[in-house]
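Asks: Have a look at this one.
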Amino acid sequence: MTDRISNESVSPQLALAVRALAGLMAVGASIAIAAANWLGPWEANLFAQNTVPQSGRIALLSCAAAGAGVAFVLGCVLAARSGLARLPGVARFVAPLGLAAFVPAALRREDWSSQLDLALALAALVLISRPLFRFHLRAYEEPQFARLLEVLRSLGLGLERKLPAVLRGRLALALVVVAALVFSGYMASFTVLNHLRFGSLTWDLAQFDSEFYNTLHGLPFRCPALMRGPPWSDLASHAHFGIWLLTPLYALHPAAETLLVLGMALSTVVTVTFCARLCDSLSLTTPASPAAKV
């Protein structure tokens with residue numbers, strides 16, 4: 001009876017350890033592929049066009065197998081020294097590194113024949129990273145990683161004490177706002193530069209520029225570019241009542257460039273809001289100590 005109970009308790013732990021070891025092997029293979037993509041001559045069209053020659057494919061598969069093998073050995077050594085219970089926590093901690101294989105291709109814009117394909121690939125990378133980071137944050141429930149979290153928090157508190165009083169308690173918010181402003185400014189300048197080089201290949205920008213300009217001059221929603229005849233109103237097909245809210249900003253500099261900058265600003269607000277909600281959903285609390293429970 002005792003042996004049966006012992007086997008039943010070990011089986012779930014062994015299953016978790018096997019899955020964790022498989023995850024570690026996937027991470028090892030991904031890191032090896034990323035290293036090969038940086039160093040090898042076959043990386044140019046690996047994910048963008050899938051035109052890697054056979055020699056390059058063999059080299060990449062060999063690197064992936066070697067990386068998985070190294071991760072397998074390291075996982076077995078960790079299990080032998082610290083027990084099977086440590087493997088799931090380590091696998092959670094390194095889970096985001098499973099995307100390493102895709103990072104080199106995403107950072108080389110010249111390898112992509114279409115900007116739309118690159119944008120879709122980056123969007124997919126961000127969407128996939130969310131569950132991986134959620135999985136990663138669960139690692140801090142383990143005692144060894146909870147101590148690391150406490151060290152990081154103490155460093156953050158030490159840095160926060162050196163800030164002006166108005167920023168104390170708002171360090172994370174300040175970092176997010178600064179990062180959002182830098183990103184928005186960079187992308188807005190790049191978008192405007194692309195427009196000035198006649199790279200805005202779309203009807204919508206001209207139509208909205210016409211609508212904003214006419215609304216600003218007392219002819220709301222008029223858009224002759226639609227070529228629908230008098231009264232040239234876009235309300236015949238679209239209800240863009242948000243123009244009333246943005247027209248005062250457009251009046252500061254009535255031009256298509258203003259609309260591009262407003263678009264980047266609004267997308268930044270949406271992104272920051274999404275990240276804030278994500279942080280709320282991923283909020284962690286350190287496990288209470290036995291003394292606190294008593």
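What follows draws every value from the coordinates through simple rules; no lab data is involved. What you are looking at is a predicted structure, and each value in this text was computed from that prediction instead of being measured. With ideal geometry, Cβ positions are generated from the backbone for all residues, glycine too; neighbour counts draw on all protein chains shown.
Asks: Neighbouring Cβ atoms within 10 Å as the yardstick, rank Thr202, Thr258, Thr271 fewest first.
Replies: Fewest-to-most ranking of Thr202, Thr258, Thr271: Thr202, Thr271, Thr258.
Asks: May I ask for the distance between the Cα centers of the stretch 185-213 and the stretch 53-97, given as a whole number of Å?
Replies: Cα centroid of the stretch 185-213 versus Cα centroid of the stretch 53-97: 46 Å apart.
Asks: Can I ask one more? Taking a ≥ b ≥ c as the square roots of the eigenvalues of the Cα gyration tensor of the stretch 58-209, is the shape rounded (a/c under 1.5), prolate (a/b larger than b/c) or oblate?
Replies: It comes out oblate by the Cα gyration axes.
Asks: Hey, fewest Cβ within 10 Å first, where do His238, His136 land in order?
Replies: Ranked by crowding around the Cβ, least crowded first: His238, His136.
Asks: I've got another one for you. Take the Cβ-Cβ distance between Leu14 and Leu181 as r, set R0 to 45 Å, and report the resulting FRET efficiency rounded to the nearest 0.05.
Replies: Efficiency for this residue pair is about 0.35.
Asks: So between Leu116 and Ser55, what do we pick up on full extension, going 0.36 nm a residue minus the alpha carbon distance?
Replies: That pair, Leu116 and Ser55, stretches by 19.0 nm at full extension.
Asks: Moving to a separate point now. P(r) tail for the stretch 175-280, what percent of Cα pairs lie past 20 Å?
Replies: Here the tail beyond 20 Å accounts for 48 percent of pairs.
Asks: Next question. Report the charge-dipole magnitude of the stretch 13-162 in Debye, nearest 20, computed about the Cα centre from +1 at each Lys and Arg Cβ and -1 at each Asp and Glu Cβ.
Replies: Roughly 500 debye, rounded to the nearest 20.
Asks: For Leu175, Leu99, Leu16, what's the fewest-to-most ordering of other Cβ within 10 Å of each Cβ?
Replies: Sorted ascending by nearby Cβ count, the order is Leu175, Leu16, Leu99.
Asks: While we're on this one: Between Lys162 and Val269, what FRET efficiency follows from the Cβ-Cβ distance if R0 is 41 Å, with the result rounded to 0.05?
Replies: Computed FRET efficiency for Lys162 and Val269 comes out at 0.90.
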